[in-house]
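The values are calculated or read from the model by the stated rules, or taken from the named source; none is laboratory data. If you're wondering where the values come from, they're calculated on a predicted model, not measured in any experiment. All Cβ positions, even for glycine, are placed from backbone atoms using ideal geometry, and neighbour counts span all protein chains on display.
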Amino acid sequence: MNRFVLAAIATMTSMASAQAGGLDRSMQNISALFDPSNTLTFAVTHVNPDLPAEDIGNDGTYSVGASYTDFKFSYANRINEQVSFAIIGDEPFGSDVFYNADPTDSNIGGTRASIESDALSFLGRYEFTDRMSVFGGLRAQRVDARISLNGEAYARAIALRGVAAAAGVDAATLAAAVTPGPDQVAAITALGGGDVLTGQTIAATLGGQVQSVATGFVAQGGYDLDLDDDWGLGVTLGAAYEIPEIALRLAVTYHSEISHDNGGREILPVPGFGAFDNEVNFASPQSVNVDFQTGLNERTLLLAGLRWTDWDDFSVIPDELGVDLAEIEDSYRWTLGVARRFTEEFVGLASITYEEDQGLDTVSPLGPYDGQVGLSLGARYTRDRFNLSGGVNYTWVGSADAGVAGQPVTAFRDSSALGVGLQVDYRF
């Protein structure tokens, strides 16, 4: 099994991988660096998520996920026996969710997120020997987004913060004081400076203001953030160890975070605010990919991989809203697969992917899942200089409760996603 076939098979594990939630899509695969000289590749992936959800304590029901199509291309060539390069274009991050219910009688109806990105990487590789190499280069990335928040849960949370700030009281205390529960009496007492009757009067007055602001928030279409395109620059660095005789390769790749300064328009329909032209600063996450493969025999290849994505430092905080729109936990994605060459022209692949269920109390409504398990089946046909690969993936998406202000408002159960991929390679 030659090295070209091995490298091409490795790309199939990510090509057909269905991403049902979160923002990580292309896995930022750099395997084109190991393609033979003068190889051009085009790939397309289509994913159809099925993300049904129901409100907690309200009547809203949703079908949240929208199908999407991602594209990737690469070109690899060699300058001399030690130096090679690759140009890779992909769509590394994205989201397309919409809570399709009436915002006047649902928790988060009308909430949506449309986030798009494109990246172009210019990578070089230097081979010290046929076993040791290092690689790296620059990655240019474009991001734009449109995020809307609506529904009774967002209206109440935003109204509480606004009314509390205007009155000079703690938002958490006000929330507890106007919400029946075990903490209500203590919160009312705190509002009144130790006097229950005074606290009740303050709570009733501010509670009425909260309801009025929340009603106006929904009636005026809720919160909206429209971000223009912005380009940023990052670096990719890595190293690889290979034993060609047994088709072994271990490659470790680091992708830096990329800072973005997106101009845009922010609409916050509550008293004292309105429409503003603002700049939102954030950074896409840094990540590390570990990719391993080794031949088990002349016809069988074992594949394994791990991708860590550092979402903890990914924060999108618009000036007027003042809260993070992208509260996503770090992700660890494991892949294990086996490729088998049945004939000189035909190779088959089966792989499984896994992200641990972290047992989170709530997740972001813009990335509504917690863990996943996916199964991929693929095949590759080779004829002369032409190679055609295809695959299908089915992913079981982990159950989760989407939260607003730390409170669960919508439950996701029995979610899944189906993805199909097609890749064409040609050696000139």
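List of remarks:
- Which numbered condition T343 fails, given (1) modelled with pLDDT of 90 or more; (2) over 28 Å from N297 (Cα atoms); (3) hydroxyl-bearing (S, T, Y); (4) part of a loop (DSSP other than H, G, I, E, B): (2)
- Enumeration of residues in the stretch 270-284 that are in contact (Cβ under 8 Å) with a residue 40 or more places away in the chain, of a type outside the set (A, V, I, L, M, F, W, C) and part of a loop (DSSP other than H, G, I, E, B): P271, G272
- Scanning the stretch 250-264 for residues that are farther than 19 Å from G137 by Cβ and surrounded by 14 or more Cβ atoms within 10 Å (Cβ to Cβ) yields L250, H260, N262, G264.
- Of all positions in the stretch 154-165, at least one carries a residue that is farther than 25 Å from T61 by Cα, hydrophobic (A, V, I, L, M, F, W, C) and surrounded by fewer than 21 Cβ atoms within 10 Å (Cβ to Cβ).
- Summed over the stretch 349-380, the residues that are outside any strand (DSSP E or B) and without any contact (Cβ under 8 Å) to a residue 60 or more places away in the chain give a count of 10.
- Members of the stretch 388-416 that are out of contact with any Phe, Trp or Tyr (no Cβ under 6 Å at 6 or more places or on another chain) and closer than 15 Å to L349 by Cα: S389, G390, G391, V392, N393, Y394
- Tallying residues that are part of a loop (DSSP other than H, G, I, E, B) and farther than 28 Å from G110 by Cβ within the stretch 173-197 yields 6.
- Residue check, R307 modelled with pLDDT of 85 or more and surrounded by fewer than 20 Cβ atoms within 10 Å (Cβ to Cβ): no
- Against the test of being part of a strand (DSSP E or B), modelled with pLDDT under 95 and closer than 26 Å to R112 by Cβ, the options G390, G403 yield a single qualifying residue, G403.
- Considering residues of the stretch 285-321 that are assigned to a strand (DSSP E or B) and of a type in the set (S, T, N, Q) only, the residue nearest to F346 (Cα to Cα): T300
- Listed here are the strands (runs of 3 or more DSSP E) enclosed by the stretch 54-172 that have at least 3 residues being of a type in the set (A, V, I, L, M, F, W, C) and under 28 Å from P368 (Cα atoms): 112-127, 132-149.
- Of all the residues in the stretch 369-398, those that are polar (S, T, N, Q) and either out of contact with any strand residue (DSSP E or B) (no Cβ under 6 Å at 6 or more places or on another chain) or closer than 30 Å to L174 by Cβ (or both) number 1.
- Pair list, Cβ under 6 Å, 6 or more apart: the stretch 55-74 residue at negative phi, other residue surrounded by fewer than 23 Cβ atoms within 10 Å (Cβ to Cβ) and among the small types (G, A, S): I56/A411; F73/G89
- Selection count, the stretch 201-240, where residues are surrounded by fewer than 16 Cβ atoms within 10 Å (Cβ to Cβ), touching a Gly at 6+ places or on another chain (Cβ under 9 Å) and part of a helix (DSSP H, G or I): 1
- Filtered by the rule that a residue be in contact with a strand residue (DSSP E or B) (Cβ under 6 Å, 6 or more places away or on another chain), of a type outside the set (K, R) and buried (at least 16 other Cβ atoms within 10 Å of the Cβ), the stretch 109-132 gives T111, A113, S114, I115, E116, S117, D118, A119, S121, L123, E127.
- Out of G124, G137, G89, sole residue that is without any contact (Cβ under 8 Å) to a residue 40 or more places away in the chain, in contact with a Phe, Trp or Tyr (Cβ under 6 Å, 6 or more places away or on another chain), closer than 17 Å to T253 by Cβ and not polar (S, T, N, Q): G89
- Screening the stretch 322-340 for residues that are in contact with a Phe, Trp or Tyr (Cβ under 7 Å, 6 or more places away or on another chain) and in a strand (DSSP E or B) and picking the one that is farthest from D24 (Cα to Cα) gives W334.
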